[in-house]
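One structure below.
Here, each number is a calculation from the coordinates, and none is a lab measurement. Keep in mind that what you see is a predicted model, and the values were worked out from it rather than measured. Quick reminder, even Gly has a Cβ in these numbers, built from the backbone with ideal geometry, and neighbours come from all protein chains shown.
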Amino acid sequence: MTNPREPSVHASAVKVGDGAVLIRGPSGAGKSRLAFDLILAGRAGQIPPSILVGDDRVSLDTKRGELLVRPIPELAGMIEIRGLGIRRCDFVDEARVILVADLSAPDGERIPPTGALQTALCGIKLPRIPVAAGHNPLPLIVAAMTTTPG
């Protein structure tokens, strides 16, 4: 069960391969949609196999210098699919965050400054993708996970 001292954040998370993508953004920005798109991309073989950690609210914790994400018990295994409502799906109890995607980010630019490509959560530095409002985040996440910086 989640430790009540762990911070709960308004975010979704999907485990992709060995690590999780933490998806943040304001209400209606597309966090659940991106989470489901990542799951589908994993099923299609575009990225490593992917499974939900949590949707809408997740808890964060640190352990041995890594940021861990867990589902909120009340929402574990549930994801919102626009047009269908709340649906049940497979999920994992915990994953190590390796990437943060910020949707509707004010600093989402065509070529973002280097400083915008990192963030710190709970004292842990992580790669970050700022996605401007109205832009499809899935190709950016896939590119971040399948390419290297030039």
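Across segment 37-47, rounded Karplus estimates of 3J(HN,Hα) from the backbone phi angles (6.51 cos²θ - 1.76 cosθ + 1.60, θ = phi - 60°) give 4, 5, 4, 5, 5, x, 5, 7, x, 6, 9 Hz, Gly and Pro being marked x.
A simple packing score, the average count of other Cβ atoms within 10 Å per residue, orders the peptides 26-38, 129-141, 107-119 as 26-38, 129-141, 107-119, with the highest score first. Would you mind telling me the antiparallel percentage of the DSSP bridges in the chain, rounded to 5? If I count the DSSP bridges inside the chain, around 75 percent turn out antiparallel. Sorting Ile81, Ile39 by the number of Cβ atoms found within 10 Å of their own Cβ, with the fewest placed first, yields Ile81, Ile39. Taking Cα centre as origin and charging only the Cβ of basic (Lys, Arg, +1) and acidic (Asp, Glu, -1) residues, the dipole magnitude of segment 8-141 rounds to 80 debye.
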